[in-house]
Amino acid sequence: MKIALIPGDGIGPDIIDQAVKVLDAISRKYNVKFSFEEVLMGGVAIDKTGVPLPEETMDICKNSDAVLLGAVGGDEWDNLPGHLRPEAGLLGLRKGLGAFANLRPAILFPQLKNASTLKPEVLGDGLDIMVIRELTGGLYFGEKGREGEGTEERAWDTLPYTYSEIERIARVGFELAMKRKKKLMSVDKANILESSRLWREVVTKIAKDYEEVTLSHMYVDNAAMQLIRNPKQFDVIVTENMFGDILSDEASMLTGSLGMLPSASLGKGTPGIYEPIHGSAPQIAGQDKANPIAMIMSVAMMLRHSFDMEQGALAIERAVSKVLDKGYRTGDIMEDGKELIGTNKMGDLIVAEI
Ligand code: IPM
Ligand code: MG
């Protein structure tokens, strides 16, 4: 299985190293072979080639079986024009691979209940929410612009969706709901946005094909509030690109840290992209401080969704849980009485459990 590796910027290389160690362990345990090809994207690509997503990177990713991505971005590239920023590389990759369905599971390890900023009784046991974020449309990809000067200068972004874009992401939502609790929450802003009114109409229409699934709708502001008021009411959430970006960061805090959440970005017949939902945290890059668990859990998602290796995925998830059981923590999830360790040690301990 051919994997394109994109370490990217900041802590990206630190955590990608741990992902590769984990894949080597899986390879030994299950006697499967992974080959890796490292490619440039983000700030490093800008420095070396002048663009955030070189053509060669896109070609290699397209010809791989899956893409494993660390993180991109950093202060030194913040003043470049939008289309030359590291983030533009990420958006180009998602779009180029047609990765429209972004699965962001927010699962609370019971061991980390106290690391969450929410009260344990709000979280209950076994919180498990799946945020499905539409990833190649909406506000991120709509027409944008800037014109005029001085106090008359104006800028705009637009939020377009077509019927078929909404239908295909809604179907991902219903299919996943069928495999889980048969509950789907569609999040929109249909009281204000025309695109949300179309969104709600289409999702409601598609629901007729999934009679067993209970569909509800919620406005995004209310959803943001309900997520911290009573997160247990949610199972599968499906929503627009920008709303999903915001709500998935919020959902991650239920689980204790942004450093815990993996993601899978899937298209149809194209290689999936697997990446942690957190950013590149340049302030701790190269210092052996980053939590590699979101990255390692992204590897588990890759095994599950791209390689049909459910056993391998479970082995990784169980290994992470065991290391947490034994009391090892990186700084972001540290609590009194636990043992503080670095990125590498966390990777090694997880490998040992596998
Ligand atoms: C994410 C990130 C990205 C996004 C950034 C880095 C462009 O926040 O994956 O959630 O906004 O999609
Ligand atoms: Mg985000």
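Could you grab the pairs with beta carbons closer than 8 Å, sequence gap of 6+ or different chains, first residue in segment 264-283 and farther than 20 Å from Met130 by Cα, second one within 14 Å of ligand 2 (Cβ to nearest atom) and among the hydrophobic types (A, V, I, L, M, F, W, C)? Hits for this filter: Ser280/Ala71; Ser280/Val72; Ala281/Ala71. Inside segment 263-277, residues that are under 30 Å from Pro120 (Cβ atoms), open to solvent by less than 10 Å² (accessible area, probe 1.4 Å) and out of contact with any Gly (no Cβ under 9 Å at 6 or more places or on another chain) make up a count of 1.
Within segment 278-293, can you find the residues that are open to solvent by less than 20 Å² (accessible area, probe 1.4 Å) and within 12 Å of ligand 1 (Cβ to nearest atom)?
Matches in segment 278-293: Ser280 only.
On inspection, Ala313 does not qualify as within 16 Å of ligand 1 (Cβ to nearest atom), in the same structural domain as Ile16 (by TED's automatic domain parsing), surrounded by fewer than 24 Cβ atoms within 10 Å (Cβ to Cβ) and over 14 Å from the mean Cα position of the chain (by Cα). When you check Lys182 against the structure, is it under 24 Å from Arg304 (Cα atoms) and away from ligand 2 (no atom under 16 Å from the Cβ), yes or no? So Lys182 passes the test. Is segment 233-246 home to any residue that is farther than 30 Å from Gly70 by Cβ and away from ligand 1 (no atom under 16 Å from the Cβ)? Yes, segment 233-246 contains a residue that is farther than 30 Å from Gly70 by Cβ and away from ligand 1 (no atom under 16 Å from the Cβ). Being closer than 24 Å to Glu310 by Cα and assigned to a strand (DSSP E or B) is a condition met by no residue of segment 42-63.
Taken over segment 54-97, residues that are open to solvent by less than 50 Å² (accessible area, probe 1.4 Å) and charged (D, E, K, R) amount to 1. Taken together, the residues in segment 37-53 that are surrounded by fewer than 19 Cβ atoms within 10 Å (Cβ to Cβ) and under 21 Å from the mean Cα position of the chain (by Cα) amount to 1. Put simply, of Ser306, Ser257 the only residue that is out of contact with any helix residue (DSSP H, G or I) (no Cβ under 9 Å at 6 or more places or on another chain), surrounded by 20 or more Cβ atoms within 10 Å (Cβ to Cβ) and in contact (Cβ under 8 Å) with a residue 60 or more places away in the chain is Ser306. Residue-level check: of (1) within 14 Å of ligand 1 (Cβ to nearest atom); (2) buried (at least 21 other Cβ atoms within 10 Å of the Cβ), Met130 misses just (1).
Scanning segment 286-296 turns up no residue that is at positive phi and either within 16 Å of ligand 2 (Cβ to nearest atom) or without any contact (Cβ under 8 Å) to a residue 60 or more places away in the chain (or both). Output the residue which, of all residues in segment 189-216 that are in contact with a Lys or Arg (Cβ under 6 Å, 6 or more places away or on another chain) and over 16 Å from Val172 (Cβ atoms), is most open to solvent (accessible area, probe 1.4 Å). The qualifying residue most open to solvent (accessible area, probe 1.4 Å) is Glu212.
Consider segment 186-241. How many of its residues are part of a helix (DSSP H, G or I), farther than 18 Å from Leu127 by Cβ and touching a Phe, Trp or Tyr at 6+ places or on another chain (Cβ under 8 Å)?
The qualifying residues number 9.
With respect to the conditions (1) more than 15 Å from the chain's Cα centre (by Cα); (2) crowded, with 16+ Cβ neighbours inside 10 Å; (3) away from ligand 1 (no atom under 13 Å from the Cβ); (4) touching a residue at least 60 places away in the same chain (Cβ under 8 Å), Lys29 lacks only one, and its number is (2).
The values are calculated or read from the model by the stated rules, or taken from the named source; none is laboratory data. Everything numeric here is computed off the predicted structure, so don't read it as measured data. Cβ sites come from the backbone with ideal geometry, for glycine too, and all protein chains shown count toward neighbours. Only protein heavy atoms, including side chains, enter the accessible area calculation; ligands, DNA and RNA are left aside. Shrake-Rupley method; radii C 1.70, N 1.55, O 1.52, S 1.80 Å.
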